[in-house]
Protein chains: 2
Amino acid sequence: MKESNDISLFIPRLTIVGVGLIGGSLARALKERNLVGEVVGVNRTRDSLTKALELGVIDHWTTSAAQGVRGATMVLVATPVLTIPRIVEDFAQALEPGCVVTDAGSVKGTVVAPCEALMPKGAFFVGGHPIAGTEHSGVEASFATLYEGSRTILTPTEQTDPGALEQVRRMWEAVGSRVETMDVLTHDRVLGATSHLPHLIAYNVVNTLSDLEDDIRAEVFRYAAGGFRDFTRIASSDPAMWRDICLSNREAILDILTRFREALEVLTQRVRDGDRDGLYGAFARSKRTRDGIILAHKKADQG
Amino acid sequence: MKESNDISLFIPRLTIVGVGLIGGSLARALKERNLVGEVVGVNRTRDSLTKALELGVIDHWTTSAAQGVRGATMVLVATPVLTIPRIVEDFAQALEPGCVVTDAGSVKGTVVAPCEALMPKGAFFVGGHPIAGTEHSGVEASFATLYEGSRTILTPTEQTDPGALEQVRRMWEAVGSRVETMDVLTHDRVLGATSHLPHLIAYNVVNTLSDLEDDIRAEVFRYAAGGFRDFTRIASSDPAMWRDICLSNREAILDILTRFREALEVLTQRVRDGDRDGLYGAFARSKRTRDGIILAHKKADQG
């Protein structure tokens, strides 16, 4: 056992603003490990809060964020990414000295700078992104093992307090996540390429097939099985979340979409030209790259 | 037990041209069920044939297709789709009266009409496409249960002999496949949309990420996990097979790629404009469609 880890990790009072899958699962995981004193839940509506209380995910609740953060030593904001700065503004002046505020937004560029600027003297903001989730949402879908084996990216800036960063890191590590740090811009570009691009493409494939003429569409949907099912699984994600991601990470998404569309132009031209060598080369390169990524991850997981 | 099915299904002599995953698995499955007398294997090279003989997948072999089909009552051509008409031309004049020839090509437009035209009097061609496979290839990868729960599409024309069609149907059904018929053009459009488009898009996503600048690419590949892994699994498929599919199904692929690119233009414009309602509408529609497809398939599988 590492010395004094337990003491440094204990969170006397954690406030979760947005008690859903992400926030609820963190509360459950910390409670299961006795790493938290009290958990206060804040939502706009009562229904999900009374449900969370019944489930034992939270100990108290309020619909006022400013009331909810009183006495908190740690605050997690786990609401749709566009709403985060406004919510932090609502409660910032009520924070007590020493409190650490972090978030779980999928985009950091629209979150970190405004939230840092809102912190009163003695309170600290650390941008965070636990990369975890399921196809389900809401506190009923939360569970204590969601973060085991996951990754969390924290995005410290020059203003970030090192002690606050360390507390947030330990919190996510304690529930089983591997934590890495990245600057805000890199985070948004990396997630734009590995998560936002595939989601937009999968949505677009499904909508392309929906737009086919009636007769062929019926046949297409009857045969849309197997590989297609895996390929489009991510097109079943929450539309509001993905709308907010597109609005928040506009620049990085437009950049990677432009690159994708240019590469697709080239590939389409190769199909049009019946370019045997060009097609083979493109597919062989992609297979090599993809096999290499998977192998590297296998090694990393084992190491 | 259905009356006389066993008798009508028995294939005294089956010749498989191209003894790999697809042809080898059919031979194994028929042998396991005692539905075939002798299996003759034909490949261009000896190595895979002696391997297939050792494994008990075939009983005889030759590198000459014309010799291999002598005395055959059923011939399956399971070679890359572009080679099929040339191979059928090599052996057509050696076919004996009553022989049924079928194929396993992923595209039917470049296969069916030429092969039908090559049949001598008394021999019959039926276009087929067993939709099955794994990421591995070669006779060593073949196994008797590959077709259980799969689908096979047969593409009869006005010229197709009803008795020959019935024999091919029973052969695939006997090894566990659900058989449906479709006209050639519909087959190629449906597969273009549900299989060829997703493969090309997955290849293109992987290559787009490979083309990123060095610093960001390294980070991108480190984070390319989870959903990305599922999404790009199909980009690890055989490059030669996909080159041939692009060359053979050029028109249908260009048509669906054009539709995809047009839809992507609209989506990109919505991201550029920060169009909240447009983005939400597009994602919500896709989620509805995709959830509907999965539900319909679950019902079909249970029914």
Place the label 7 angstrom along Cα→C-beta at A:Asp215 and in each other copy, then list the distances from the first to the rest in nm, shortest first.
-> 5.6
Label points for B:Thr157 built 7 Å along Cα→Cβ; distances to same position in the other copies, nm, shortest first, come to 6.8
Which of B:Ser248, B:Ser137, B:Ser106 moves the most in a Gaussian network model of chain B with Cα springs under 10 Å?
-> B:Ser137
Compare A:Arg285, A:Arg28, A:Arg243 in a GNM of chain A, Cα atoms joined below 10 Å, and give the one with the largest fluctuation.
-> A:Arg285
Taking the label point 7 Å from Cα along the Cα-Cβ vector, the copy-to-copy distances for B:Glu89, listed from shortest in nm with one decimal, are 7.3
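Determine the calculated [θ] at 222 nm for chain B from helices alone, applying -39500 (n - 2.57) to every DSSP H run no shorter than 4 residues and normalising by the residue count; nearest 500 deg cm²/dmol.
Working: 14 runs with 157 residues, N = 303.
Dividing the helical sum by the residues of chain B leaves -16000 deg cm²/dmol.
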Just B:Asp255, B:Asp183, B:Asp230 to compare: in a GNM of chain B, with alpha carbon springs under 10 Å, which one fluctuates most?
-> B:Asp230
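Does the range B:5-182 come out rounded, prolate or oblate, given a ≥ b ≥ c as the square roots of the eigenvalues of its C-alpha gyration tensor, rounded meaning a/c under 1.5 and, failing that, prolate meaning a/b above b/c? Intermediate values should be presented prior to the final figure.
Values: a/c = 1.31, a/b = 1.13, b/c = 1.16.
Here the range B:5-182 falls in the rounded category.
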Top positive-direction residue, dipole computed over the range A:5-182 with Cβ charges, set A:Leu165, A:Ala141, A:Pro114 | A:Ala141
Under the Karplus relation with 6.51, -1.76 and 1.60 and θ = phi - 60°, whole-Hz ³J(HN,Hα) for the range A:64-69, x at Gly and Pro, equal 9, 4, 5, 5, x, 8
Hey, which lysines would be in cross-link range of A:Lys298, C-alpha to C-alpha under 19 Å, not counting anything within fewer than 8 residues on its own chain?
-> A:Lys287
Just for the range B:5-182, what percent of DSSP beta bridges are antiparallel, to the closest 5?
-> 15
Vicinal HN-Hα couplings computed from phi for the range A:102-117 (Karplus, 6.51 cos²θ - 1.76 cosθ + 1.60; Hz; Gly/Pro x) = 9, 9, 10, x, 6, 10, 10, x, 8, 10, 5, 4, x, 6, 4, 5
Residues with amide H under 5 Å of A:Val75's amide H, sequence separation 5 or more or different chain, H placed in the peptide plane at 1.01 Å from N; which?
-> A:Thr15, A:Val100, A:Val101, A:Thr102
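Of all trypsin sites (Lys or Arg not before Pro) in the range B:90-198, which ones are in loop regions per DSSP and have a Cβ with at most 15 other Cβ atoms within 10 Å?
Details: sites: B:Lys108, B:Lys121, B:Arg151, B:Arg169, B:Arg170, B:Arg178, B:Arg189; in loops: B:Lys108, B:Lys121.
Passing sites in the range B:90-198 are B:Lys121.
Contour minus end-to-end for A:Gln159 and A:Glu96, with contour as 0.36 nm per residue of separation and end-to-end as the Cα-Cα distance? Write down the numbers at each step before the final one.
Numbers: separation 63, 0.36 × 63 = 22.68 nm, distance 1.89 nm.
Extra length from A:Gln159 to A:Glu96 when fully extended: 20.8 nm.
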Project the alpha carbons of the protein assembly as shown onto their principal axes and report the range along each, largest first, in whole Å.
-> 93, 46, 41
Just in the range B:158-261: which GluC sites (Glu not before Pro) are loop by DSSP and have at most 12 other Cβ atoms within 10 Å?
-> B:Glu158, B:Glu213
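Output the relative contact order of chain B, whole-number percent, from Cα pairs under 8 angstrom with separation of 6+ residues. Each step should come with its number before you reach the end.
Values: 477 pairs, mean separation 45.9, N = 303.
Computed over chain B, the figure is 15 percent.
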The range B:5-182: relative contact order in percent, alpha carbon pairs under 8 Å with at least 6 residues between | 23
DSSP H helices in chain B with Cα extent of 15 Å or more along the helix axis and mean Kyte-Doolittle hydropathy at least -0.5?
-> B:21-32, B:197-210, B:250-273
May I ask for log10 I(q)/I(0) of chain A at q = 0.10, 0.12, 0.16 Å⁻¹, from a Debye sum over the Cα atoms as equal point scatterers with solvent left out?
-> -0.63, -0.86, -1.33
Compute from the Cα atoms of the range B:241-303 the Rg and the Dmax, the latter being the longest Cα-Cα distance, and quote both in angstrom.
-> 16.6, 46
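For the range B:103-172, compute Rg over Rh where Rg is the Cα radius of gyration and Rh is the Kirkwood radius from the inverse mean 1/r over Cα pairs. Before the final figure, lay out the partial values.
Working: Rg = 13.5 Å, Rh = 13.4 Å.
For the range B:103-172, the value is 1.01.
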Length-normalised contact order of the range B:1-91 in % [C-alpha pairs under 8 Å, at least 6 apart] | 34
Under 5 Å from the placed amide H of A:Val36, counting only residues 5+ away or on other chains, we find A:Ile11
Where N is the number of residues in the range A:1-89, Cα Rg divided by 2.2 N^0.38 Å | 1.08
A:Thr152 long-range amide H proximity, modeled H, under 5 Å | A:Ile131, A:Arg178, A:Val179, A:Glu180
To the nearest 20 debye, chain A has a Cα-centred charge dipole, built from +1 on Lys and Arg Cβ and -1 on Asp and Glu Cβ, of 480
Would you compute the Debye intensity of the range A:89-230 from its alpha-carbon atoms alone, equal scatterers and no solvent, and pass along log10 I(q)/I(0) at q = 0.14, 0.21 Å⁻¹ to two decimals?
-> -0.79, -1.29
Rounded to the nearest 0.05, what FRET efficiency do B:Arg70 and A:Ala240 have when you use their Cβ-Cβ distance and R0 = 51 Å?
-> 0.15
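What share of the DSSP beta bridges in chain B is antiparallel, in percent to the nearest 5?
Working: 4 of 28 bridges.
The antiparallel proportion sits near 15 percent.
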Overall Cα dimensions of the range B:29-134, principal axis frame, Å, largest first = 36, 32, 28
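Starting from the Cα gyration tensor of the range A:186-302, take the square roots of the eigenvalues, sort them a ≥ b ≥ c, and report rounded, prolate or oblate (rounded when a/c is under 1.5, otherwise prolate if a/b is larger than b/c, else oblate).
Working: a/c = 1.39, a/b = 1.05, b/c = 1.32.
It is rounded, given that a/c, with a ≥ b ≥ c, falls under 1.5.
The numbers here are math on the coordinates, done by the rules we state, and not lab data. Because the structure is predicted, anything quoted here is derived from the model rather than measured. So basically every Cβ, Gly included, is an ideal-geometry build from the backbone, and we count neighbours across all protein chains shown.
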